[in-house]
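Undergrad: Dropping the structure in here first, questions after.
The values are calculated or read from the model by the stated rules, or taken from the named source; none is laboratory data. Note that the coordinates shown come from a computational prediction; the quantities given were computed from them, not determined experimentally. Virtual Cβ from ideal backbone geometry, glycine too; neighbours counted across all protein chains shown.
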Amino acid sequence: SYFTKAKFLTSAPDIQHLSAFDGIEIAFAGRSNAGKSSALNKLTRQKNLARTSKTPGRTQLINLFELDESRRLVDLPGYGYAKVPIPMKKKWQKSLGEYLQKRECLRGLVVLMDIRHPLKDLDQDLIFWAVSAELPVLILLTKADKLKAGKRKAQTLMVREASLAFQGDITVHAFSSLSGVGLSEAENILMQWLEI
Ligand code: GTP
Ligand code: MG
């Protein structure tokens, strides 16, 4: 697949430190431990491209991965981790909102949510900001392997229904970095955003 050639490019401590970019960026965001890094590794077929961890809050930096000179994937730090001090949380929320509003090269946002606990407050804020910035949103309901097929379908339909309220360009798929459920659907959407 096109994504296998992804290479680590650089890290940034926060959104203000990202330099301007002429190409296309797609960002991956979600609560701590939602499975962002695992999804990036699955997508790129690289076991250790993005660091994964059992400890929530592992990805503290913004990590940029290059597909080619004009296309990038961005692994954003997770939010909602209980142990992070409130001022840091506030700062992160503010800069995330600004990133979605002002980053011109950003063409789409992938929002990852554990299929068993979707649409928490911060997830909804994030989706709202993305839609406000007129960005298409791909919701991946992660760890779909943890649910039986019936329950997985029900959760996916529930989130699809709920996402209508945002009145944006939102697509919802169940996803598993373990089983590969939803991988080809996700790839198809990302290829469109990346103009591949
Ligand atoms: P932060 O960087 O801390 O925000 O976390 P993250 O969103 O990058 O999550 P990460 O990919 O590190 O995964 C967190 C934990 O969930 C790890 O223990 C993963 O092995 C596990 N995990 C991720 N995706 C899946 C999945 O599809 N199925 C199952 N069963 N476990 C998963
Ligand atoms: Mg991570």
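Undergrad: Given the criterion on the phi > 0 side of the Ramachandran plot and at pLDDT 95 or above, identify the matching residue among 135, 109, 119.
TA: Numbers: 135 fails: on the phi > 0 side of the Ramachandran plot; 109 fails: on the phi > 0 side of the Ramachandran plot.
Of 135, 109, 119, the one residue that is on the phi > 0 side of the Ramachandran plot and at pLDDT 95 or above is 119.
Undergrad: Does residue 6 meet the test of being near ligand 1 (Cβ under 9 Å from one of its atoms), surrounded by 22 or more Cβ atoms within 10 Å (Cβ to Cβ) and either hydrophobic (A, V, I, L, M, F, W, C) or in contact (Cβ under 8 Å) with a residue 40 or more places away in the chain (or both)? It would help to see each step written out before you state the result.
TA: On the way: near ligand 1 (Cβ under 9 Å from one of its atoms): no; surrounded by 22 or more Cβ atoms within 10 Å (Cβ to Cβ): yes; either hydrophobic (A, V, I, L, M, F, W, C) or in contact (Cβ under 8 Å) with a residue 40 or more places away in the chain (or both): yes.
So residue 6 fails the test.
Undergrad: Just checking, does region 75-85 include any residue being closer than 24 Å to residue 169 by Cα and outside any loop (DSSP other than H, G, I, E, B)? Don't jump to the end; show me each part of the working.
TA: If we filter region 75-85 for residues that are closer than 24 Å to residue 169 by Cα, which is where we start, we get 75-79.
Checking which are outside any loop (DSSP other than H, G, I, E, B) leaves us with 75, 79.
For region 75-85, residues closer than 24 Å to residue 169 by Cα and outside any loop (DSSP other than H, G, I, E, B): present.
Undergrad: Limited to region 58-86, what total is found for residues that are away from ligand 2 (no atom under 16 Å from the Cβ), out of contact with any Lys or Arg (no Cβ under 8 Å at 6 or more places or on another chain) and modelled with pLDDT of 95 or more? Walk me through it before giving the result.
TA: Step one: of region 58-86, the residues away from ligand 2 (no atom under 16 Å from the Cβ) are 66-72, 82, 85-86.
If we keep only those that are out of contact with any Lys or Arg (no Cβ under 8 Å at 6 or more places or on another chain) too, we end up with 69-72, 82, 85-86.
Imposing the further condition that a residue be modelled with pLDDT of 95 or more reduces the set to 69-72.
Number satisfying all stated conditions: 4.
Undergrad: Output yes when any residue across region 59-74 is under 17 Å from residue 183 (Cα atoms), within 14 Å of the chain's Cα centre (by Cα) and crowded, with 18+ Cβ neighbours inside 10 Å, and no when none is.
TA: In the first step, residues of region 59-74 are kept if they are under 17 Å from residue 183 (Cα atoms); the result is 73.
Going one step further and asking which of them are within 14 Å of the chain's Cα centre (by Cα), we end up with 73.
In the following step, the residues that additionally are crowded, with 18+ Cβ neighbours inside 10 Å were identified as 73.
Looking for residues that are under 17 Å from residue 183 (Cα atoms), within 14 Å of the chain's Cα centre (by Cα) and crowded, with 18+ Cβ neighbours inside 10 Å, one finds at least one in region 59-74, hence yes.
Undergrad: Tally the residues that are more than 8 Å from ligand 2 (Cβ to nearest atom), touching a helix residue (DSSP H, G or I) at 6+ places or on another chain (Cβ under 9 Å) and β-branched (Val, Ile, Thr), restricting the search to region 31-57.
TA: 1
Undergrad: Can you find even one residue in region 138-161 that is more than 16 Å from ligand 1 (Cβ to nearest atom) and over 25 Å from residue 178 (Cα atoms)?
TA: Within region 138-161, one or more residues are more than 16 Å from ligand 1 (Cβ to nearest atom) and over 25 Å from residue 178 (Cα atoms).
Undergrad: Taking region 23-80 as the search range and keeping residues that are on the phi > 0 side of the Ramachandran plot and not small (Gly, Ala, Ser), which one is farthest from ligand 1 (Cβ to nearest atom)?
TA: Checking each candidate, the answer is 45.
Undergrad: Within region 75-99, how many residues turn out to be crowded, with 16+ Cβ neighbours inside 10 Å and free of Cβ contacts under 8 Å to residues at least 12 places away in the same chain?
TA: Final tally of qualifying residues: 0.
Undergrad: Considering only residues that are among the small types (Gly, Ala, Ser) and either away from ligand 1 (no atom under 13 Å from the Cβ) or touching a strand residue (DSSP E or B) at 6+ places or on another chain (Cβ under 6 Å) (or both), which ones fall in region 81-116?
TA: Result: 95, 97, 108.
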